[in-house]
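What follows is a single structure, written as structure tokens, with notes after it.
What follows is calculated from the coordinates using simple rules that are stated; it is not laboratory data. As the structure is a computational prediction, the values presented were derived from the model and not from experiment. Cβ: placed from backbone, ideal geometry, glycine included. Neighbour counts: every protein chain shown.
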Ligand code: ADP
């Protein structure tokens with residue numbers, strides 16, 4: 001069975017992430033999306049549970065997609081999944097530099113672990129969770145950027161701080 005592990009912060013999941021998940025679900029037998037605690041990034045806006053609940057909600061139509069969370073070292077954590085590859089989305093050359101470094105480090109830590117990259121779809125080139133948060137907190141419309149199923153919840157939280 002070909003399994004892809006797609007890690008990220010997903011704070012919150014965007015249409016850019018969902019596009020990668022959807023395309024991957026057509027390529028691999030199973031896609032395990034793992035919401036991570038990223039120590040390099042500042043404190044997330046949404047809790048790990050909230051981020052997973054959003055991911056669950058937007059992926060219900062994909063029968064081969066599973067949502068997990070982890071605060072462990074990714075190169076070790078993937079061993080619990082079994083034989084798999086890491087999947088990353090690439091937006092721009094600026095993503096490539098750090099993703100390339102992470103891919104090499106992950107392979108040093110776990111020599112069996114390969115990383116595959118999927119280029120973003122053109123319409124999501126500029127899209128990131130932080131852009132969504134910035135626009136929404138200033139009262140802007142984020143409906144083009146966030147999956148419909150979670151739009152209201154995300155907006156409420158970002159505007160009202162609920
Ligand atoms: P960010 O905070 O930058 O939105 P995450 O840490 O949640 O990103 O990203 C998880 C993975 O999804 C990374 O591999 C990232 O490059 C990828 N990704 C994020 N946004 C997009 C997008 N708009 N198109 C394609 N891939 C994306």
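Any chance you could run the full-extension gain for residue 83 through residue 159? It's 0.36 nm times the residue separation minus the Cα-Cα distance, nm to one decimal.
Answer, rounded to one decimal: 23.2 nm.
Sticking to Cα atoms, compute the Rg of segment 30-84 to one decimal and its Dmax as the biggest Cα-Cα distance, whole number, in Å.
When restricted to the Cα atoms of segment 30-84, Rg and Dmax are 12.0, 33 Å.
Please arrange 108, 57 by how many other C-beta atoms lie within 10 Å of their C-beta, fewest to most.
So the residues, fewest neighbours to most, are 108, 57.
Estimate the FRET efficiency between residue 72 and residue 100 by the formula 1/(1 + (r/R0)^6), using the beta-carbon distance for r and 22 Å for R0, to the nearest 0.05.
Working from the Cβ atoms, E equals 0.45.
Would you kindly work out the equivalent ellipsoid of segment 6-162 from its C-alpha gyration tensor and give its semi-axes, the square roots of five times the eigenvalues, largest first in whole Å?
For segment 6-162, the semi-axes come out at 25, 16, 16 Å.
If R0 is 30 Å, what FRET efficiency do you get for residue 92 and residue 49 from their C-beta distance, rounded to 0.05?
Working from the Cβ atoms, E equals 0.45.
Could you order the peptides 12-18, 149-155, 138-144 from most to least packed, using the average number of other C-beta atoms within 10 Å per residue?
The most tightly packed comes first, giving 12-18, 149-155, 138-144.
Within a 10 angstrom radius of the beta carbon, how do 95, 71, 11 rank from fewest other beta carbons to most?
Placing the least packed residue first, the sequence is 71, 95, 11.
Ignoring everything except DSSP H segments at least 4 long, calculate the 222 nm mean residue ellipticity for the chain; use -39,500 (n - 2.57) per segment, divide by total residues, nearest 500.
Theoretical 222 nm ellipticity from helices: -12500 deg cm²/dmol.
Given the Cα-Cα distance of residue 135 and residue 23 and 0.36 nm per residue of separation, how much length would full extension add, in nm?
Length difference between fully extended and current span is 37.7 nm.
What's the exposure ranking of 20, 105, 135, going from fewest to most Cβ atoms within 10 Å?
Neighbour counts put them in this order, fewest first: 105, 135, 20.
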